[in-house]
1. Just to be sure I understand, how many residues within region 337-374 are under 13 Å from Tyr167 (Cα atoms) and among the aromatic types (Phe, Trp, Tyr)?
2. Go through Glu87, Glu44 for me and flag whichever is exposed (fewer than 15 other Cβ atoms within 10 Å of the Cβ), assigned to a helix (DSSP H, G or I), more than 26 Å from the chain's Cα centre (by Cα) and of a type outside the set (S, T, N, Q).
3. For region 226-257, what are the residues that are among the basic types (Lys, Arg) and farther than 25 Å from Lys295 by Cβ?
4. Would you mind stating whether Leu313 is within 28 Å of the chain's Cα centre (by Cα) and outside the structural domain of Ala217 (by TED's automatic domain parsing)?
5. Among the helices (runs of 4 or more DSSP H) contained in region 151-267, which hold 2 or more residues that are more than 22 Å from Asp306 (Cα to Cα) and either assigned by TED's automatic domain parsing to the domain that holds Asp346 or touching a residue at least 12 places away in the same chain (Cβ under 8 Å) (or both)?
6. Test each condition in (1) without any contact (Cβ under 8 Å) to a residue 40 or more places away in the chain; (2) on the phi < 0 side of the Ramachandran plot; (3) of a type in the set (S, T, N, Q) for Thr385 and report the one that comes out false.
7. Can you tell me which residue is surrounded by the fewest Cβ atoms within 10 Å (Cβ to Cβ) among those in region 151-175 that are under 24 Å from Glu353 (Cβ atoms) and aliphatic (A, V, I, L, M)?
8. In region 363-376, which residues are under 12 Å from Arg434 (Cβ atoms) and not β-branched (Val, Ile, Thr)?
Amino acid sequence: MKRVLILGAGLVARPMVRYLLESAEVVVASRTVAKAQELVSGHERGLAVTLVADDTAGLRGRIAEADVVVSLLPYTHHVMVAKQCLELKRHLVTTSYVSDAMRALDGPAQAAGLLFLNEIGLDPGIDHMSAMSVIDAVRVGGGRVVGFESYCGGLPAPEANDNPLGYKFSWSPKGVVMAGRNEARYLKDGREVVVPGPDLFGHRWPLKVADGFEFEAYPNRNSLPYVDLYGLHGVRTMLRGTLRNPGWCETLKAIADLGLLRDDSVRPLESLTVAGWLRGYVPGTGSLRRDAAAKFGLAEGHPVLDRLEWLGLFAEQPVGLALGSNLDVLAKLMLERMSYQPGERDMIVLHHEFRAEYPGDRTETIHSTLIDFGIPNGDSAMARTVSLPAAIAVRLILEGEIRLTGVRIPVMREIYEPVLAELARLGIVCRERRAV
């Protein structure tokens, strides 16, 4: 029987492990073996082992025993794992973006007959596959896509959306908030738009999707490389964005304007209250809320101030960290107040909008929407939609159904067709609506 090595036992790993145990031996390696044991759950084909990423000899030994390696480690470890896979001639799968260092292994991987498949999660992952499915169908029909917008968000399900910021964390709070510091670039009606990182949350708009949901959207990093990636030369609009519930963006804009998203300075915090920490960024001698309102140019009763107060930013309570950056303090406060409670569901929304042109001046608008909910007291929608695409790809590699080599992402029909078909069997489906 084929063997899969899964490196990491974090929040999204469980659906992958359970899926692969149906057809392969699965070794889950984690710094904390108890987490790996919980995932394997005593299955006869499962094995939980202790392994730290910088244990080169131990890692090499485990890779040598596997047919396919899955790295769910932080992305900074992927290239190190890939190089060992290259030496030992093992295929590799990750859900992370392809770095320049990973891309440099394309030639060697092809020469060795190996597939290093990356970006096979949700975003990136299902977004690529569902987009290419529609784009290729338009081409087969003789048309061309002239506008493409893609949005994704991991959010609380409506009944669990019970806090003023409209958000709960199904993965690292620090990672979620750090994404809000990035500059964004996209193409809109033939014009390149550049949004500096400090202005990101101020650059937002409402967006309605299927089933009556309405969110606020803002651009996500640099959309321009996707023109080449998807083969959409001549496209007039190319935009990838993030979805949040209303209120998130204006609140995070205020937080960013205060400098609380900074992660570049670690300092002693143990003697500070949260209000004392915040006072370093809000000048004045009155109440902290009143002075913050003055700094933002807002009325003291503005909802943004209500959200900051709910988050605990004005509270005379200890920070609770000995050392840390502003981002560390913010992430701690958010995680304390914005975590999922037992029985609560999360929700994944992935929404594409295409504008297509055909001969004879015929135009078409296509909406493709995935809405998936977590299972109460079971797998989250985030875990399912991130890990199951990768798990399916691993199975297809083991069975010889995917024979590509090199450093790849799932934009080829050979990958996206069978993976999307299996996701549909598992209930993860993008629904399409078309209008002429």
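1. So the count comes out to 1.
2. On the way: Glu44 fails: assigned to a helix (DSSP H, G or I).
Criteria check complete, one pass: Glu87.
3. Within region 226-257, the subset among the basic types (Lys, Arg) is 236, 240, 244, 253.
Result: Arg236, Arg240.
4. Yes; evaluated as a whole, the condition is true for this residue.
5. Details: elements: 173-178, 225-229, 248-257.
By residue number, 173-178, 225-229.
6. Failed condition: (1).
7. Within region 151-175, the match that is surrounded by the fewest Cβ atoms within 10 Å (Cβ to Cβ) is Ala157.
8. Looking only at region 363-376, we keep the residues that are under 12 Å from Arg434 (Cβ atoms), and these are 363-368.
Answer for region 363-376, where residues must be under 12 Å from Arg434 (Cβ atoms) and not β-branched (Val, Ile, Thr): Glu364, His367, Ser368.
The values are calculated or read from the model by the stated rules, or taken from the named source; none is laboratory data. Here the structure is a predicted model, which is why all the values come from computation and not from measurement. Every residue, glycine as well, gets a Cβ built from its backbone with ideal geometry; the counts of neighbours run over all protein chains shown.
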